[in-house]
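The next block holds one structure in the form of structure tokens; read it before the comments.
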Amino acid sequence: MASVKYDTNLQMAEFMGHVVDPAAFGFWRGSGSEETVEGTRELAPTTDEGWEALETSAATLIEAGNMLQLPGRARDPEGHWNKYAQDLSARAAEGKLAAFKKDKVAVFETGAKIFQVCEACHAEYVIGPQIKANGPAIADPLPAWPADLPKKK
């Protein structure tokens with residue numbers, strides 16, 4: 001019998017890019033609506049296959065949360081890292097159930113909860129360290145929102 005051995009050599013950027021991101025974006029693409037020239041387009045699935053794809057994305061996120069906690073992969077096991085990973089799995093489990101029930105409102109709401117977990121983790125483990133290492137941005141890299149532009153007199 002073989003003993004447990006984890007291969008966590010896949011770089012975090014690759015793990016996120018090949019496992020977490022496709023699953024998260026796959027889930028988010030299946031909820032809400034978008035406004036187009038032709039009118040409002042609902043993004044919720046309309047077929048059993050579409051709902052199954054959402055369940056698959058959610059299941060992948062559940063397991064991604066587990067994989068983020070593996071020895072050798074967890075960046076800060078004594079800090080918030082494992083909590084964020086556990087929250088990702090928990091929210092994704094809610095999303096999987098919502099997709100199973102074909103509940104487009106619950107899928108949308110759960111997608112927002114998943115986004116909040118991702119945003120909080122990235123603020124602490126990606127953006128925060130970048131600012132600490134390089135300082136804050138010299139100028140805002142994004143253009144102003146129309147509502148934020150100065151009013152013309």
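Since every read-out is calculated from the coordinates, none of them should be taken as a lab result. Since the model is a prediction, treat every value here as computed from it, not as a measurement. Positions of Cβ are backbone-derived with ideal geometry, glycine not excepted, and every protein chain shown enters the neighbour counts.
Considering only 65, 26, 128, the Gaussian network model of the chain with Cα springs below 10 Å gives its largest mean-square fluctuation to 128. Using the Karplus relation 6.51 cos²θ - 1.76 cosθ + 1.60 with θ = phi - 60°, the per-residue 3J(HN,Hα) values for the range 129-135 come to x, 5, 5, 4, 6, 10, x Hz, with x marking Gly and Pro.
Could you state the orientation-averaged shadow area of the convex hull built on the Cα atoms of the chain, in nm² to one decimal? Provide the component values of the computation, followed by the final result.
Working: hull surface 57.1 nm².
For the chain, averaging the hull's shadow over all directions gives 14.3 nm².
Computed from the Cβ-Cβ distance with R0 of 25 Å, the FRET efficiency linking residue 37 to residue 119 stands at 0.25.
Summing charges over neighbours of residue 22, with a neighbour being any other residue whose Cβ is under 15 Å away from its Cβ, gives -3 when K and R count +1 and D and E count -1.
Backbone amide hydrogens, once placed in the peptide plane, bring residue 33 within less than 5 Å of 43, excluding anything fewer than 5 places away on its chain. Taking only DSSP H segments of four or more residues, each worth -39500 (n - 2.57), what value at 222 nm results for the chain once the sum is divided by all its residues, to the nearest 500 deg cm²/dmol? Helix contribution divided over all residues of the chain: -16000 deg cm²/dmol.
Return the loop-located GluC sites (Glu not before Pro) in the range 1-94 (DSSP other than H, G, I, E, B) with at most 14 other Cβ atoms within 10 Å of their own Cβ; answer none if there are none. Passing sites in the range 1-94 are 38, 78. The trypsin sites (Lys or Arg not before Pro) of the range 36-145 that meet both conditions, a loop assignment by DSSP and at most 11 other Cβ atoms within 10 Å of the site Cβ, are 101. Could you give each residue of the range 27-34 its phi-based ³J(HN,Hα) in whole Hz, using Karplus coefficients 6.51, -1.76, 1.60 with θ = phi - 60°, and x for Gly or Pro? Values, residue by residue: 5, 5, 5, x, 8, x, 8, 9 Hz.
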